[in-house]
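A quick write-up on the structure given underneath.
Every read-out reported here was derived from the displayed coordinates using simple, explicitly stated rules and does not represent laboratory data. Not measured: the values here are computed from a predicted model. Note that we place each Cβ from the backbone using ideal geometry, even for glycine, and neighbour counts take in every protein chain shown.
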Amino acid sequence: MSAVQEAMPAGRGSRDATVRRFALTDAIFSGLTKAAAILVLVLLGGVAVSLVAGSWPALSTFGFSFVTSESWNPV
C-alpha cells in the first residue's frame, strides 16, 4: 500500500491547479449542454405547434369531442 500512497499527490495545491485547468472546459461543456437542452425544448415546442396547426380544421369542425368520442363520422 505504500506504493499507492507515494504515487498520490502530496498537497492540496496540485488539486487546485487541476480544478483551474479544467474550469474552462467545464464551462464550455456546461454551456453546450444547456444549449442542447434548450434546442430540444424548442424543437418539442415546434412539433406541438405543428400538431395543433394541422389538427385545427378537425378540432374547429367537430370540437374537442373529435378526440374523446368513440363514434366515427368521416364526412
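Listed values, structure above:
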quantity: Inter-label distance for Leu43 and Ser30, nm, one decimal - labels placed 7 Å from Cα along Cα-to-Cβ; calculated: 2.5
quantity: Kirkwood Rh (inverse of mean 1/r, distinct Cα pairs), the stretch 11-68, angstrom; calculated: 15.4
quantity: Using θ = phi - 60° and Karplus 6.51 cos²θ - 1.76 cosθ + 1.60, couplings along the stretch 57-66 (whole Hz; Gly, Pro as x); calculated: x, 5, 5, 6, 7, 9, x, 6, 5, 4
